[in-house]
Amino acid sequence: MDTFDAGAGGLLRQPKAVWATAGASVVAFMGIGLVDPILPSIARGLDATPSQVSLLFTSYFLITAVAMLLTGFVSSRIGGRRTLLLGLAFVVVFAGLAGTSGSVAELVGFRAGWGLGNALFVSTALAVIVGAANPIGAARSASNKGGGGRRAGGSAAAILLYESALGLGMACGPLLGAVLGNISWRYPFFGTATLMAIGFLCITAFLKEQPKPARKTSVLDPVKALGHGGLASAAASAFFYNYTFFTVLAFTPFVLDMTPYRSGAVFFAWGLLLAVFSVIVAPRMQARFGSLKVLGGSLLLLAADVLVLGYGDHTTAVVCTILSGAFIGVNNTVYTELALGVSDAPRPVASAGYNFVRWFAAAAAPYFAPKIEEWTDIHVPFVVAAVTAVLGALVVLVRRNALTHEAEELQTPHAVEDGVTVFAN
């Protein structure tokens, strides 16, 4: 049976706690792309420049990156459920406050608080879903031909479910931002606060407290985990990739310069491709060609796509923006699996270390892309984004042994881990 088919079957047979966490994750990921179609509206409403408005992403992801060092520290002491609720509470409060902002500085500050809440929620949500998801033949392992085929087991369905939430959130975020933002740029923030409040209630009702680990996680554990060659390589490659990803997400709306509805439609189509390719296409490609070949090829295609985006006419830019969602979807799935399976660190610790590195690029790209345009011209930010995607592929090529052999050795330990819970390490 196809590994994806096995994963998809398990995907639909999950406890209410998993569905509640995944549903709240959808809304959390909606918050990332929510501001995309209204960035020009915010700039006009608050009399700000594109580089100032781009700080909405920079502050959000900078705080998210640093907060990744705290997520394991917090969840190992108060438990996964309380960490999720704490993160949701932060998002509800700061998303609501963002809608009341009177200046771009206030909005940037509230987005930073929002980023802290999102870090606590998103990193813990992945661990909760992996730990609580119904295992599907956890003792089995798929072939790892060509450098890391997709592994079957409890984590396979959990990662598919998490990536489904990511894709759906990325698709719906711009759409919600466009619909509400067409009334006022403030409404999307109030809408997100409301949806996250509903997520808070669902987690409260359906998710029982997760077992706490035998050993409490320190703030430095994620940094120490990066001493593992495979995890450090995955994080370094993802760093370069994320710069490309968030150049597309945060800078392209200014290049397209469309109404909220049109921009929302473009990024909705982009998000749909991201979801389809991350959940359906990527697993099949991994099973056939191997994870590293798929990742390297997808990164090179993404580099070519953003280069054409930067130099094409308006119609070409729209098409390339939407098409980039396919490559981003494939990359997201492969990177998530590499980060969770390549090292011997507990999954929450490995995930925190990996995210700590890659989110710095997500903070840098929205700031530097408009600055580079100011210093040069509108094409150069996309040239830089293409170069970073190629650098990500080069890291995969040069470090393929660390990313392949060490992951193969750790298949069995992680399969056993899937059979219990990720918080029981």
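The values are calculated or read from the model by the stated rules, or taken from the named source; none is laboratory data. Predicted model only: the values in this text are computed from it and were never measured. In this analysis, Cβ positions are derived from the backbone assuming ideal geometry, glycine residues included, and neighbour counts consider all displayed protein chains. Protein only, heavy atoms only, side chains kept; ligands, DNA and RNA dropped before computing areas. Shrake-Rupley method; radii C 1.70, N 1.55, O 1.52, S 1.80 Å.
Before moving on, here are some points about what is shown:
- Nearest-0.05 FRET efficiency for Leu201 and Asp257, computed from C-beta distance (R0 41 Å): 0.55
- Under the simplified labelling scheme, the Ala105-Trp375 pair shows an inter-label distance of 2.5 nm, with each label point 7 Å from Cα along Cα→Cβ.
- Whole-Å distance, taken between Cα centres, linking the range 160-217 and the range 227-255: 22 Å
- Zero-based 5 Å bins, Cα pair distances in the range 216-308, whole percents: 3, 10, 14, 19, 18, 13, 11, 8, 3, 1
- When the surface is traced with a 1.4 Å probe over the full set of protein chains, Lys293 keeps roughly 140 Å² accessible.
- For the residues Arg358, Arg347, Arg262, a 1.4 Å probe over the protein chains yields an accessible-area ranking, largest first, of Arg262, Arg358, Arg347.
- Protein-only accessible surface at a 1.4 angstrom probe places the residues Tyr241, Tyr187 in the order Tyr187, Tyr241, largest first.
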